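To start, the structure under review is shown below, and the notes come after it.
The numbers here are math on the coordinates, done by the rules we state, and not lab data. For clarity, every value in this text was computed on a predicted model and none was experimentally measured. Neighbour counts run over all protein chains shown; Cβ positions are idealised from the backbone, glycine included.
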Amino acid sequence: MFRKRDETVIEKPSPVTRVTSVLGPGITWKGSLHGSGGVRIEGAFDGEISVQGLLVVSETGRVTCPHIRVKSAVIAGAVQGNITAEKVEIRSTGRVWGDVVTAAFSTEEGAFLRGQIRMEDKVDVPYASETPEPQPEEAKAEEEDAVQPEETSPPTQEA
């Protein structure tokens, strides 16, 4: 009658991520993308991608990245590189050359993947920070490398 109920933990759905930045068609970019917003790539990108949000590679998008780290990815264009994300979707026009690590994977008929898929219960995406903080050993080494005044020996007298 007065038995304690088992409380079930209900996870709240994550808020819908939006695209906040667009690399338009006809644009070629080499470098790094780091941040917390969503990114849509309609042009060509070559470099590192680590975003705490949504990555959309449109049909005209071309991405070359050694390892993409995002919360979720929707691929409708071409991607060369490994993908680590909580959710990955490859559309019918999508082409991926690389391995995928994810908790949720979907694909449409006609999609292409040359690589392996590793499904996990939960994926902790290690996002890269924009400006890495120096480690204590590195900071100490930098201090030691600072310019030190040269020691001068006293002039010797010649007889």
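Listed values, structure above:
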quantity	calculated
Label-point gap, in nm, between SER36 and GLN80 - each point 7 angstrom along Cα→Cβ	3.4
Lys, Arg +1 and Asp, Glu -1 on Cβ, resulting dipole of region 19-119 about Cα centre, debye, nearest 20	140
Residues GLU48, GLU109, GLU89, sorted so that the one with the fewest Cβ neighbours within 10 Å comes first	GLU109, GLU48, GLU89
FRET efficiency for SER106 and VAL22, using Cβ-Cβ distance with R0 set to 25 Å, rounded to 0.05	0.60
Footprinting exposure proxy for VAL56, VAL70 (fewest neighbouring C-beta atoms within 10 Å first)	VAL56, VAL70
Over region 19-119: Rg over Rh, Cα atoms, Kirkwood Rh	0.92
THR60-TRP97 pseudo-label distance in nm [points 7 Å out on the Cα-to-Cβ vector]	2.3
